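Here the structure comes first, spelled out in structure tokens, and everything after it is commentary.
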Amino acid sequence: KGHPETHDEL
Amino acid sequence: MNIFRITGDLSHLISIFILLHKMRTSKSCIGISFKSQVLYLIVYVTRYLDLLWTFQHSAYNSLMKIIFIASSAYTIHLMLNDFKPTHDPNIDTFKVEYLIGGSAILALLFPYKWTTAEVLWSFSIWLESVAILPQLFMLQRTGEAETITTHYIFALGAYRALYIPNWLYRYFTESFTDPISTIAGIIQTILYSDFFYIYYTKY
């Protein structure tokens, strides 16, 4: 977790 | 995607429409903190930089990100041009330097990864949690706020408050954790809580 691609929220 | 997340996002969208509708119908930006609006633009631009490389991952997320950046920029455009005469900088005096500085320090100290994108993302999360302060400060200084402005602040606050049950739900259903967003989201909701209380007793 923490990689930019894991930010799946707004 | 759960009911809390979608309701939160819709609440955020509604807040934007309320704000733009208010400005366009009243042809003024009275009661709106320019400083808060600038902070929100900084928040959206620094957080949604990932549009450049995650654009194809989720049409929903990408569309919302574009709407948030564009509407925020448009709001600032209106405040700087069309409705500039109605903006009174003398009552919009919150020292945003501390908010930006504090968010930058937290972002640099505790990012998920020390990469530019991750630090900027973290910065945006912290900054969002306090970006409403100039607006609330202005509200306090001017006393009575227009109903429509009050609804705008409520919808904007409800968005992040609704993300809290979303994170709880995701923790139990998919072991999802995002401590930075969660802590900042709780702080954000606490900052709004006094306002929420007044809103509920009034409406």
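Please treat every number below as a calculation from the coordinates, not as lab data. Predicted model, so just to flag it, every value in this text is computed and none were measured. Cβ: placed from backbone, ideal geometry, glycine included. Neighbour counts: every protein chain shown.
Taking the conditions exactly as written (away from every other protein chain (no Cβ under 14 Å), out of contact with any His (no Cβ under 9 Å at 6 or more places or on another chain) and over 22 Å from residue B:136 (Cα atoms)), does residue B:49 satisfy them or not?
Numbers: away from every other protein chain (no Cβ under 14 Å): no; out of contact with any His (no Cβ under 9 Å at 6 or more places or on another chain): yes; over 22 Å from residue B:136 (Cα atoms): yes.
Spelling it out, it is not the case that residue B:49 is away from every other protein chain (no Cβ under 14 Å), out of contact with any His (no Cβ under 9 Å at 6 or more places or on another chain) and over 22 Å from residue B:136 (Cα atoms).
Which of the numbered conditions does residue B:144 fail, given that it passes all the others? Conditions: (1) free of Cβ contacts under 8 Å to residues at least 60 places away in the same chain; (2) within 13 Å of chain A (Cβ to nearest Cβ); (3) among the acidic types (Asp, Glu).
(2)
Residues of the range B:114-128 being within 14 Å of another protein chain (Cβ to nearest Cβ), surrounded by 14 or more Cβ atoms within 10 Å (Cβ to Cβ) and either over 14 Å from the mean Cα position of the chain (by Cα) or of a type outside the set (Val, Ile, Thr) (or both), which ones? Full working, then the answer.
To start, the set of residues in the range B:114-128 that are within 14 Å of another protein chain (Cβ to nearest Cβ) comprises B:114-125, B:128.
Still in the running and surrounded by 14 or more Cβ atoms within 10 Å (Cβ to Cβ): B:117-125, B:128.
Hits for the range B:114-128 are B:117, B:118, B:119, B:120, B:121, B:122, B:123, B:124, B:128.
Just one of the numbered conditions (1) over 20 Å from residue B:182 (Cα atoms); (2) within 14 Å of chain A (Cβ to nearest Cβ); (3) surrounded by 17 or more Cβ atoms within 10 Å (Cβ to Cβ) is not true of residue B:134; which one?
Here residue B:134 meets the rest and fails (2).
Within the range B:77-99, how many residues are surrounded by fewer than 16 Cβ atoms within 10 Å (Cβ to Cβ) and hydrophobic (A, V, I, L, M, F, W, C)?
The initial filter retains those residues of the range B:77-99 that are surrounded by fewer than 16 Cβ atoms within 10 Å (Cβ to Cβ), namely B:77, B:80-82, B:84-86, B:88-91, B:93, B:95, B:97-98.
Narrowing the set further to residues that are hydrophobic (A, V, I, L, M, F, W, C) leaves B:80, B:91.
The qualifying residues number 2.
Mind listing just one residue for me: the one in the range B:15-33 that is crowded, with 19+ Cβ neighbours inside 10 Å and touching a residue at least 60 places away in the same chain (Cβ under 8 Å) and, of those, nearest to residue B:172 (Cα to Cα)?
By that ranking, first place goes to B:15.
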